[in-house]
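Values in this text are rule-based calculations from the coordinates and carry no lab data. Keep in mind it's a predicted model, so treat the numbers as computed, not measured. All Cβ positions, even for glycine, are placed from backbone atoms using ideal geometry, and neighbour counts span all protein chains on display.
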């Protein structure tokens, strides 16, 4: 007999309820609009915190404190990768594609793909 028609069974999208599920969960989908908004929000928070730490460090003349801004910027890579993984799931692409973010020129092509291609209508 033929293959049965798709019945809609399988993993479904689950709405995010808190910051942890928005930025640290890897098993959900993320459409273009929410991907862009969450990436901008994460970027804005990191920039504001880094600037504040830089001002405080220069006012107090503590060079070691300025390193905290760098550490926060590096730590923001984890939620950034989770956003990329969410978006790749929406495009039905494997998670390992997020390693393309680390390769010059490939990261640009991947960013264009994540920003401009429509996700699939099927579950993950």
Most fluctuating of 99, 70, 17 in the GNM of the chain (C-alpha, under 10 Å) is 17
With only helices counted (DSSP H, runs n ≥ 4, each -39500 (n - 2.57)), the per-residue ellipticity at 222 nm for the chain, to the nearest 500, works out to -19000 deg cm²/dmol
Full extension between residue 19 and residue 71 adds, at 0.36 nm per residue less the Cα distance, a length in nm of 16.7 nm
Two pseudo-spin positions, 7 Å from Cα along C-beta at residue 99 and at residue 48, lie apart in nanometres by 3.6 nm
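Residue 33 to residue 58: FRET efficiency via 1/(1 + (r/R0)^6), r the Cβ-Cβ distance, R0 35 Å, to the nearest 0.05?
After rounding, the FRET efficiency stands at 0.40.
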Contact order relative to length for the chain, counting C-alpha pairs under 8 Å separated by 6 or more residues, stands in percent at 36 percent
